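**Student:** Got a structure for you, written out below as structure tokens; questions coming shortly.
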Amino acid sequence: MKIVAFETREDERPTFRKLEQKHQIEIVCLPEEISKQNIGLTKGATAISILGHSQINAELLNLLKENGIDFVSTRTVGYNHIDLEEANKLGIRVANAYYDPHGVADYTVMLILMSLRKYKQAMWRANVNDYSLKGLKGREMRNLTIGVVGTGNIGAQVIQNLSGFGSRLLAFDTRKNPKVESLVEYMPLEQLYAEADIISYHVPLLASTHRMVNRETLAQMKDGVVLINCSRGELMNVSDVIDAIESHKIGALAMDVFENETGIYHQDRRTDIISNRDMAYIRQFPNVIMTQHIAFYTDAAVETMVECGVESLCDFVAKGETSREILAR
Ligand code: NAD
């Protein structure tokens, strides 16, 4: 079997090489995203592996099918960059990756603590030898109520991580997770919004979650609410969020993701003009922390993502199925 792996980074290559040996397959590693220009490189292969910046739309899927590609795996948990309906229609089978949720969950707790302890302002000041305290008073976790929206793999691990801090923990999900039921109070989203001091989002990007943080839902939240988004930028209506920061409705915001981050995050754009005004504007607030979609990026997770991405393709070919297959909803 030949796999063409797109968007491969240097730090993934040793695992790809190890899997080539283990499964006796050929894996061609390319650094670039898949596009109409380079899709010809998939001829003669059975499957492709991608990361989240390759937009697998209907046009590319049809070209892949013509080239004989039957399987696509994304080495990411999120899969909103793949047109699943079209893939299902064409009979191209798709799988996503799984990796332990600890890296993203740890990162989420870090962002909560950084927000509560005004770390960005403290760092800015320390860098210019301003060691004054004024304005840097933080808050303690044990006195706060934290709402977790989405209690799947990552949300549940966030709850487990938070359970040692002494905070009151609330949760909302369309289905309860028995792993954490004893640690949180499940409640309707509106009630969570009314009671939480900190809200952390761990839902996938779906039609039902697209821009779920907006003018109306922000109005249901406490004044000075702290929002954490380690999920997807599109969960938030950025313009409404900016208004809420300016009106002090939002007390602090930490985001590891941003709407339209593709082509910006994970790239060195130092010498470019980046035409994303919202990103530039929101970044300057002293109470907003933005990182470049790195919550997942740990040694353990990278290895598992590559393993998962390749092994699901091997399973499709050898067994006709994989537990990581994803279908259009
Ligand atoms: P998961 O599928 O295990 O959990 C998602 C949960 O959201 C499920 O329990 C589901 O029932 C719930 N849900 C779905 N729709 C909902 C809705 N409308 N309202 C409330 N709950 C809803 O996924 P996960 O592994 O926990 O990952 C969550 C998301 O985190 C991913 O979809 C991805 O977008 C994001 N993510 C980000 C990073 C990063 O580096 N920042 C890394 C991995 C994943």
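The values are calculated or read from the model by the stated rules, or taken from the named source; none is laboratory data. Only a predicted model underlies this, so the values are computations on that prediction, with no experimental measurement involved. Cβ coordinates were reconstructed from backbone atoms using ideal geometry, including for glycine residues, and neighbour counts include every protein chain displayed.
**Student:** Could you tell me which numbered condition Ile112 fails, if it satisfies all but one of (1) crowded, with 20+ Cβ neighbours inside 10 Å; (2) more than 16 Å from the ligand (Cβ to nearest atom); (3) under 30 Å from Ser163 (Cβ atoms)?
**Tutor:** It is condition (2) that Ile112 fails.
**Student:** Can you tell which of Ile82, Ile50, Ile56 is modelled with pLDDT of 95 or more, surrounded by 16 or more Cβ atoms within 10 Å (Cβ to Cβ) and touching a His at 6+ places or on another chain (Cβ under 7 Å)? Explain how you work it out, then say what you get.
**Tutor:** Working: Ile82 fails: touching a His at 6+ places or on another chain (Cβ under 7 Å); Ile50 fails: touching a His at 6+ places or on another chain (Cβ under 7 Å).
Residue meeting the stated conditions: Ile56.
**Student:** Residue by residue through region 206-233, note down the ones that are farther than 15 Å from Ile289 by Cβ, surrounded by 19 or more Cβ atoms within 10 Å (Cβ to Cβ) and under 14 Å from the mean Cα position of the chain (by Cα).
**Tutor:** Passing the criteria: Ser231, Arg232.
**Student:** Starting from residues that are free of Cβ contacts under 8 Å to residues at least 12 places away in the same chain and under 25 Å from the mean Cα position of the chain (by Cα), keep the ones in region 1-34 and report whichever is surrounded by the most Cβ atoms within 10 Å (Cβ to Cβ).
**Tutor:** Applying the filter and picking the extreme gives Pro14.
**Student:** Are any residues in region 215-262 more than 22 Å from Asn153 (Cα to Cα), of a type in the set (Gly, Ala, Ser) and out of contact with any Ser or Thr (no Cβ under 7 Å at 6 or more places or on another chain), and if so, which ones?
**Tutor:** Listed by number, the residues that qualify are Ala219, Gly224, Ser239, Ala244, Ser247, Gly251.
**Student:** So which pairs qualify, if the first residue must be in region 158-175 and closer than 17 Å to Arg139 by Cα, the second must be modelled with pLDDT of 95 or more and of a type in the set (Ser, Thr, Tyr), the Cβ gap must be under 6 Å, and the two must be at least 6 apart or on different chains?
**Tutor:** As it stands, the answer is Arg168/Thr145, since those pairs meet every condition given.
**Student:** If Glu216 satisfies all but one of (1) touching a residue at least 12 places away in the same chain (Cβ under 8 Å); (2) more than 16 Å from Thr151 (Cα to Cα); (3) within 16 Å of the ligand (Cβ to nearest atom), what's the number of the condition it fails?
**Tutor:** (1)
**Student:** So, Ile159, is that one in a strand (DSSP E or B) and either modelled with pLDDT of 95 or more or within 15 Å of the ligand (Cβ to nearest atom) (or both) or not?
**Tutor:** Answer is no for this residue.
**Student:** Something else now. Looking only at region 2-18, which residues are outside any strand (DSSP E or B), at negative phi and in contact with a strand residue (DSSP E or B) (Cβ under 7 Å, 6 or more places away or on another chain)?
**Tutor:** If the condition is that a residue be outside any strand (DSSP E or B), at negative phi and in contact with a strand residue (DSSP E or B) (Cβ under 7 Å, 6 or more places away or on another chain), then Phe6, Thr8, Arg13, Phe16 are the ones that fit.
**Student:** Would you mind finding the one in Pro188, Pro204, Pro178 that is free of Cβ contacts under 8 Å to residues at least 12 places away in the same chain and within 13 Å of the ligand (Cβ to nearest atom)?
**Tutor:** Just one listed residue meets the conditions, Pro178.
**Student:** Within region 191-201, restricting attention to residues that are surrounded by 17 or more Cβ atoms within 10 Å (Cβ to Cβ) and within 14 Å of the ligand (Cβ to nearest atom), which residue is nearest to Ile228 (Cα to Cα)?
**Tutor:** Looking at residues that are surrounded by 17 or more Cβ atoms within 10 Å (Cβ to Cβ) and within 14 Å of the ligand (Cβ to nearest atom), I get Ser200.
**Student:** Does Asp106 qualify as being over 20 Å from Glu261 (Cβ atoms) and within 16 Å of the ligand (Cβ to nearest atom)? If you could, list the steps in order and put the result at the bottom.
**Tutor:** Values: over 20 Å from Glu261 (Cβ atoms): yes; within 16 Å of the ligand (Cβ to nearest atom): yes.
Judged against the criteria, Asp106 is a match.
**Student:** Here is a further query. Go through region 272-329 and report how many residues are among the β-branched types (Val, Ile, Thr), surrounded by fewer than 19 Cβ atoms within 10 Å (Cβ to Cβ), part of a loop (DSSP other than H, G, I, E, B) and more than 12 Å from the ligand (Cβ to nearest atom).
**Tutor:** 2
**Student:** Looking at (1) outside any loop (DSSP other than H, G, I, E, B); (2) touching a helix residue (DSSP H, G or I) at 6+ places or on another chain (Cβ under 9 Å); (3) more than 16 Å from the ligand (Cβ to nearest atom), find the lone condition where Arg139 falls short.
**Tutor:** Of everything listed in (1) outside any loop (DSSP other than H, G, I, E, B); (2) touching a helix residue (DSSP H, G or I) at 6+ places or on another chain (Cβ under 9 Å); (3) more than 16 Å from the ligand (Cβ to nearest atom), Arg139 misses just condition (1).
**Student:** Is it true that Asn88 is over 19 Å from Thr322 (Cβ atoms), in contact (Cβ under 8 Å) with a residue 24 or more places away in the chain and not in a strand (DSSP E or B)?
**Tutor:** Working: over 19 Å from Thr322 (Cβ atoms): no; in contact (Cβ under 8 Å) with a residue 24 or more places away in the chain: yes; not in a strand (DSSP E or B): yes.
No: the conditions fail for Asn88.
**Student:** Can you tell me which residue is farthest from the ligand (Cβ to nearest atom) among those in region 166-175 that are in a loop (DSSP other than H, G, I, E, B) and surrounded by 16 or more Cβ atoms within 10 Å (Cβ to Cβ)?
**Tutor:** Ser167
**Student:** Let me ask another. If you go through region 1-23 one residue at a time, how many are among the basic types (Lys, Arg) and touching a Leu at 6+ places or on another chain (Cβ under 9 Å)?
**Tutor:** 1
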